[in-house]
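Heads up, the thing below is written out as structure tokens.
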Amino acid sequence: MPTFKTSEEWLKQSSLLLKARPSTTRITTKYNNPHPDKAAKILKRKRPTTEEETDASKADSSPKATLTLKTFDPISGVVLKYETDKAAEIGRLIASLGTLGREMAALPEIAQEALAAKEGTGTNTPVPETIVKSTPTDTKGPQGTGNKKKKKGKK
Amino acid sequence: MADVHSSNEDFLTGLIKLLEAAHKSGHGSIFLTQKRYTYGTTMKTESDSSSEDGLFPDFNLSEPVPIIVRATNGKGKEKRLEGEKVKISTIVEPNEIEGFFTRYADVCKMGMQGMKKRDRSKRKKGKDKKKGGEKKG
């Protein structure tokens, strides 16, 4: 039951599992918001060296919900897991659930480049693919010349 | 389990309620599951004659199939009897997957407020502002 360190690796392996067992593989996403008491206990267990008082105060203030993605195929018994506590990852993870959803539905895969562009811009801005591609070149141009001018001025 | 699946729209509003409830009570888990929808369907393969397709009828589907997405708050045992258990499901048609998952992502981003925000305290605020300004301009 491997737990992957990166969501990319999880997505890749889940995709392969889904290709092998398209009709039986299921993906469960667990959003776990633990009870404050339990969360404090878990924190203590994970970091036994730090002082209890500071831990307790941190546990009260900091959010500690987690999102766990689990791909499971009951026929072969394969489980692929990924866990995170970062809110910034939610959008990207649900987007990868979408790509896996396409595979479940036996839809053709979207071209890799388009996918990469989508992931790069983030799920908030899926539309301006062409704009994103053009902006780096635009900004690089003036910046490059600007640097050159500065250097010339210094000399 | 509810016999009738919700529409995509009802499912998402139900999910919002589930996440809100989990957040209000201070703790609790929400389980979301997605799977190919195969219940009561006979799979149409491109060529029934070849033996390989007979062994793996789900490898070469002639047309896309819907997927089913479920959500539950995982309340069991006595809480199920008290009616606290919520279990909703929806069937997403292949042509609606793109749209559904963008809205699904928004719902999750809004609802999952218990997770760690990006830690900006360690960075120097001045530098961030400068960088942001350059990108915009």
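Quick note: the coordinates plus some simple rules give every number you see, no bench work behind them. Worth saying up front: this structure is predicted, and the values here are computed from it rather than measured. All Cβ positions, glycine included, derive from the backbone under ideal geometry; neighbour counts span all protein chains shown.
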| field | When each of A:K86/B:K24; A:K38/B:K35; B:K35/B:K75 is checked by Cα-Cα distance, pairs over 26 Å | value | A:K38/B:K35
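Please identify every one of the chymotrypsin sites (Phe, Trp or Tyr not before Pro) in the range B:62-112 that sits in a loop by DSSP and has no more than 16 other beta carbons within 10 Å of its own beta carbon.
none
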| task | Determine ³J(HN,Hα), in whole Hz, for all residues of the range A:71-85 in sequence, where each value follows from phi through the Karplus function 6.51 cos²θ - 1.76 cosθ + 1.60 and θ = phi - 60°; x replaces Gly and Pro. | result | 9, 9, 10, x, 6, 8, x, 7, 10, 10, 10, 8, 10, 8, 10
| note | Long-range amide H partners of B:G28, meaning residues 5 or more apart or on another chain whose placed amide H is closer than 5 Å, are A:N33, A:H35
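State which entries of A:K64/B:K79; A:K19/B:K79; A:K19/B:K109; A:K19/B:K17 exceed 32 angstrom in Cα-Cα distance in the structure shown.
A:K19/B:K79; A:K19/B:K17
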| remark: Cβ density ranking, 10 Å radius, fewest first, applied to B:R118, A:R21 yields B:R118, A:R21
| said: Could you tell me how far the Cα centroid of the range A:74-112 sits from the Cα centroid of the range B:9-33, in Å? | reply: 20 Å
| query | Put a dot 7 Å past each Cα toward the Cβ at B:T38 and A:I75; how far apart are the dots in nm? | reply | 0.6 nm
